[in-house]
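*Asks:* Here it is, the structure, as structure tokens.
The values are calculated or read from the model by the stated rules, or taken from the named source; none is laboratory data. Keep in mind that what you see is a predicted model, and the values were worked out from it rather than measured. For neighbour counting, all protein chains shown are included, and Cβ atoms are generated from backbone atoms with ideal geometry for every residue, glycine included. Note: areas computed on protein heavy atoms with side chains; ligands, DNA, RNA excluded. Shrake-Rupley method; radii C 1.70, N 1.55, O 1.52, S 1.80 Å.
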Amino acid sequence: MGKGRDMTAKVLVDTSVWIAFFRRRDPELLDLIATLLKSGNAVYTGIIALELLNGAKGQKELQALYDAFDTMQCIALHETTYLQAGKLGHEITRKGQTLGAVDLLIAQVAIENSLSLMTTTSTSG
């Protein structure tokens with residue numbers, strides 16, 4: 001999400017972005033996420049919540065996550081979401097790329113719901 005981006009659109013904030021946000025090392029990211037939260041435009045899905053809660057490093061982090069989830073809309077998944085994510089993975093693989101199942105699912109949720117997807121680039125897996 002760059003400058004000049006429509007801040008009224010719903011944005012599916014990926015796990016990697018939340019991790020960076022909670023580390024509080026990037027003031028620009030902090031401002032952007034705060035704006036999305038205040039405007040009600042940050043959304044999440046269950047698999048993102050699962051990843052974040054699973055990686056929480058204590059009760060304080062768990063509570064911060066629950067507080068954040070309370071302010072956001074949770075986008076529901078349907079059986080067809082899983083099927084379409086599998087199809088998307090197949091298509092990507094045929095083009096010589098790979099993407100993990102969780103990332104495929106998150107991408108498909110964004111596609112199905114016409115959401116922007118905010119993620120970070122990582123070379124570690």
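*Asks:* Using the Cα centre of the chain as the reference point, and only Cβ charges (+1 on K/R, -1 on D/E), how large is the resulting charge dipole? Debye, rounded to the nearest 20.
*Replies:* 260 debye
*Asks:* Another question, then. Counting only heavy atoms of the protein chains, get the accessible area per residue of region 9-58 (1.4 Å probe) and round it to a whole Å² value.
*Replies:* Here the residues of region 9-58 average 51 Å² of exposed surface.
*Asks:* With the Cα gyration tensor of region 1-88 giving a ≥ b ≥ c as the square roots of its eigenvalues, does the rule (a/c under 1.5 for rounded; else a/b larger than b/c for prolate; else oblate) give rounded, prolate or oblate?
*Replies:* oblate
*Asks:* Would you list which lysines come within 16 Å of Lys38, measuring only between C-alpha atoms, while excluding same-chain residues fewer than 8 positions from it?
*Replies:* Excluding near neighbours in sequence, the set is Lys10.
*Asks:* I would also like to ask the following. So how far, in whole Å, is the C-alpha centre of region 62-102 from the one of region 11-33?
*Replies:* 18 Å
*Asks:* Separate question: With a/c under 1.5 counting as rounded, go ahead and sort region 67-125 into rounded, prolate or oblate using the C-alpha gyration tensor (a ≥ b ≥ c being the square roots of the eigenvalues; past the cut-off, prolate if a/b is larger than b/c, else oblate).
*Replies:* Cα axes put region 67-125 in the oblate bin.
*Asks:* Which order do the peptides 42-48, 28-34, 65-71 come out in when sorted by mean C-beta neighbours inside 10 angstrom, highest first?
*Replies:* Values: 42-48: 20.4, 28-34: 14.7, 65-71: 12.9.
Sorting 42-48, 28-34, 65-71 by mean packing, highest first, produces 42-48, 28-34, 65-71.
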